[in-house]
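Remarks on the structure that follows.
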Amino acid sequence: MNSNIMLVLHSHIPYVKRQGRWPFGEVWLFEAMAETYIPFLRTWLRLREEGLQAPVTLSLSPPLLDQLSSDYIQKEFLVYLREREDKAAEDERYYMSVAEPNMAALASFYHRFYRDIRRDFTLELDNNLVNVFKELKNNGEVEILATAASHAYLPLLDRKSLQHQIYWGKRTYEKCFDCEPQGFWLPECGYFQGIEDLLIANGLSYFYVDSHAVEGGKPMGDSSLMAPELVCHDETFANTGLSTYRPYKIKDKNIMVLGRNAMISQQVWSADYGYPGDIDYREFHRESPRSGFKYWRITDRNNGIKLAYEPELARVKAKQHARHFLNSIRNTGREAFNLGFNEPLIVGCYDTELFGHWWWEGIDWLEEVVRGIAASSELNFILPAQINIPDAQAQVFESSWGMGGKHYIWENKETKWMWDIIKQANKEFEEIDNSGIDSDIKQRCLAQALRELILIESSDWLFMVTNNLTRDYAMKRFFEHYTKFLRLVNALRDESFGSNFVEWLKNVELEDDFLSFLK
C-alpha cells in the first residue's frame, strides 16, 4: 500500500515595493526572503546535492514574482541584511556588557544567520530567487502554479475583473517561466461555481479547494484570535460522500479539482494543537525593543513570562514533530486504504511564509518531513502534473479556507465600504471609451489605471482591515491606489494631459510599476 503525498506551498507578499519600509512595507518582503524563501531554496538545493527527490508544488503570486525580480528590491535587500547584521553585533556587545552571556550568544546566532543569508543570496543564488525557482521547475523538482494578478479574492469580483486577474496572473507566469501554466491557485482557496470556465478559457487544467468544498461538513478555522464583534458562526456544509483522498473532474467540465486534506492541515495550522505553538519554539510576537530580534521561546501561551530561546532545543523538537507528522500521514493513508482507496492522495496546502517566518523552525521541520517521506516504503511524493484528469466528477461548494469556510474574512461589516469602492472603480474603468486611445500618453494612462484597479482589488487590504492587523496601513494603501485611479480615469475622460499631470504620471509609474509589461 502506498499513499501519494502532494505538498503545496502558496507564496505571497503584498505589493510593498517603494511603499514604505519600516515598520510596515518592504520589511515584510525582506523578512520573508531572509527567513523563508532563501532557507527553503538552500534546503532544496542541498537535498538535490544529496540525491534526494523532494517534489513540491509551489504557488508564487505575481506581486511576489515582480518584487523578487526587481533590481531595486535585490539591492535594498542587501542593505536590509547588513542592517540586521549590525544590529545583532550591537546587541551582542550590549548583552556582554550587562553580563547576560546567553542573550549575547543568541545575538551572535542572529549575526551569523543574516551574514550567511547575505553570502548565499549573493554567491549561490546570484541575487535572483525567481531564476532559482525556474531552474528547479525546469528540472522537474518543483511544479509552479499561476495565481491571480494581485491575489484578489475572486468569488466577490465581477466577471471583467475576474478576467483581468486571471489573464494578467497567467501572463506574469509566462513572463517569468517561459511557458504556460497548467495549474492555478485560487487565492484563499476562494471558489465559486463558474470560476472553472474562466480557468479553462485560459488553458488551465487543475486547481485546489479546501476540504469542506469537496467533502462537506464543518470547515476548519479558529475564531479565538478575532475580536468578538467580528467572530462569525462556522457554517456546516452538507456531507457529499466524496473524499479528498482522490482528485475529481468538475462536473461536466474538463478541469481537475484537488481538495486539501483536513487532518494534515489542522496538525500544522491549529492554534490549539498545531506544532508551531509548542513551548520550545521561538516566540514570534515578542521582540527586543532595542533591535527587533526575537530572543524568547513561547514558554507558556497563557503567561507573559518568557524563557530565553534555545535554538538546539527547538531543533530537537522540530525533528520530533516531523516524526509525529510522518506517523500521522502513514496512519491517514492506512485508514484511507481500509476505506477502499488503493493509492490515496493526501494533499497538504500551506502558506509558504509559515515556514521560517511565522514558525522559525518550520524549514527544519519541512526538511525532516521530506527526508522521512523519501525513506518511507509507504509514502511517495507526487506532483499534479503526474495525475490525469479523472473520470469521477464532483460539484464542489462555494467556499474558501477562511473562517466559516466562505467569504466572511473578506466581506463583512468592516469591509463593506471597500467593496463598494471596488465595484464603483470597476464600473468607472469599464465606462472609459478606449476606442480613440492612440497616443502614447493615453495608452500609458490607461495601463496605469488598470494597474491601480488591480492593486485596489488585492485581498490583503481586506484581510488586514478585518483582522485589525496593520489596519491603518491597509486603508492608506487602499485609498492611495484608489485616488491615483480616479485621477487617471478623470484625465482620460477629460483628455487633460498637462505637463503637471505627465510629471505626476511618471512618478506613479515608478511607485506602482507592478505588471510593468502591461500595455
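Just so you know, all these numbers are worked out from the coordinates, no wet-lab data involved. The structure presented is a predicted model; accordingly, all values stated were derived computationally and were not measured. Here Cβ is always computed from backbone atoms with ideal geometry, including for glycine, and neighbour counts include all displayed protein chains.
Between ALA374 and GLU83, the C-beta separation translates, for a Förster distance of 30 Å, into a calculated FRET efficiency of about 0.20. When peptides 127-135, 187-195 are ranked by their average number of other Cβ atoms within 10 Å per residue, the highest-first order is 187-195, 127-135.
3J(HN,Hα) couplings calculated from phi for the range 258-265 with the Karplus curve 6.51 cos²θ - 1.76 cosθ + 1.60 (θ = phi - 60°) are, in sequence order, 10, x, 5, 7, 5, 5, 6, 6 Hz; Gly and Pro show x.
Computed from backbone phi, the HN-Hα couplings of the range 337-345 come to 4, 5, 7, x, 8, 5, 10, x, 9 Hz, rounded to whole numbers (Karplus: 6.51 cos²θ - 1.76 cosθ + 1.60, θ = phi - 60°; Gly and Pro given as x). Amide H contacts of ALA152: SER459, each under 5 Å away and 5 or more positions distant or on a separate chain (H built 1.01 Å from N in the peptide plane; Pro and chain starts excluded).
Rounded, prolate or oblate: which fits the range 71-127, taking a ≥ b ≥ c as square roots of the Cα gyration tensor eigenvalues, rounded meaning a/c under 1.5, else prolate when a/b beats b/c? Prolate is the answer for the range 71-127, as a/c is 1.5 or above and a/b outweighs b/c.
Estimated from helices alone, the mean residue ellipticity of the chain at 222 nm is -15000 deg cm²/dmol (sum of -39500 (n - 2.57) over DSSP H runs with n ≥ 4, per residue).
Magnitude of the charge dipole for the chain, about its Cα centre and with charges confined to Cβ atoms of Lys, Arg (+1) and Asp, Glu (-1), is about 320 debye.
Volume of the convex hull of the range 238-362 (Cα atoms only), normalised per residue: 151 Å³. The phi-based Karplus calculation (6.51 cos²θ - 1.76 cosθ + 1.60; θ = phi - 60°) puts the 3J(HN,Hα) values of the range 410-415 at 9, 9, 7, 5, 7, 10 Hz, whole numbers, x for Gly and Pro.
Cross-link reach is defined here as a Cα-Cα straight distance under 29 Å, omitting same-chain residues fewer than 8 places apart; for LYS137 the lysines meeting it are LYS17, LYS75, LYS170, LYS175, LYS249, LYS253, LYS319, LYS519. Using R0 = 45 Å, the C-beta based FRET efficiency linking ASN331 and ASP197 works out to 0.70. Take every Cα pair under 8 Å whose residues are at least 6 apart in sequence, average their separation, divide by the length of the range 416-511, and the relative contact order is 33 percent. Cut-off under 16 Å on the C-alpha distance; same-chain residues fewer than 8 positions from LYS294 excluded. Which lysines are left, in chain and number order? Answer for LYS294, where 16 Å is the Cα cut-off: LYS87, LYS306, listed by chain and number. Partners of LYS160 within straight-line reach, counting aspartates and glutamates whose Cα lies under 14 Å from its Cα and excluding those fewer than 8 residues away in the same chain: ASP197, GLU428, GLU430, GLU431, GLU457.
Placing unit charges on each Cβ (+1 for Lys and Arg, -1 for Asp and Glu) gives the chain a dipole about its Cα centre, and among VAL132, ALA322, PRO55 the Cα reaching farthest toward its positive end belongs to ALA322.
Under the rule of at least 5 residues apart or a separate chain, name every residue whose amide H is placed under 5 Å from the amide H of GLU143. Counting only residues 5 or more places away or on other chains, the set is VAL56, THR57, LEU58. Could you state, as a whole-number percent, how many of the C-alpha pairs of the range 141-218 are farther apart than 18 Å? Here the tail beyond 18 Å accounts for 37 percent of pairs.
Peptides 33-45, 446-458, 152-164, 94-106 ranked from most to least packed by the mean count of surrounding Cβ atoms within 10 Å: 446-458, 33-45, 152-164, 94-106. Take every DSSP beta bridge whose two residues both sit in the chain; close to 20 percent of them are antiparallel. Peptides 213-219, 173-179, ordered by how many other C-beta atoms sit within 10 Å of their residues on average, highest first, read 213-219, 173-179.
Its Cα gyration tensor gives the chain an equivalent ellipsoid, and the semi-axes of that ellipsoid, as √(5λ) in whole Å with the largest first, are 35, 31, 22.
The count of lysine pairs in the range 373-517 that are at least 8 places apart or cross chains, and whose C-alpha atoms lie under 29 Å apart, stands at 25. Rg and Dmax of the range 416-511, based on Cα coordinates, read 14.2, 44 Å. Amide H contacts of TYR248 (H built 1.01 Å from N, in plane; Pro and chain starts excluded): VAL257 sit under 5 Å, all sequence-distant by 5 or more or on other chains. What's the center-to-center distance, using Cα atoms, between the range 381-416 and the range 73-115 in Å? When both Cα centres are located, 42 Å separates them. Considering only alpha-carbon pairs that sit under 8 angstrom and 6 or more positions apart, the relative contact order computed for the range 85-232 is 15 percent.
Using a cutoff of 8 angstrom between alpha carbon atoms and counting only pairs six or more residues apart, the relative contact order for the range 317-444 works out to 18 percent. For the pair PHE501 and ARG21, label points projected 7 Å from Cα toward Cβ lie 3.4 nm apart.
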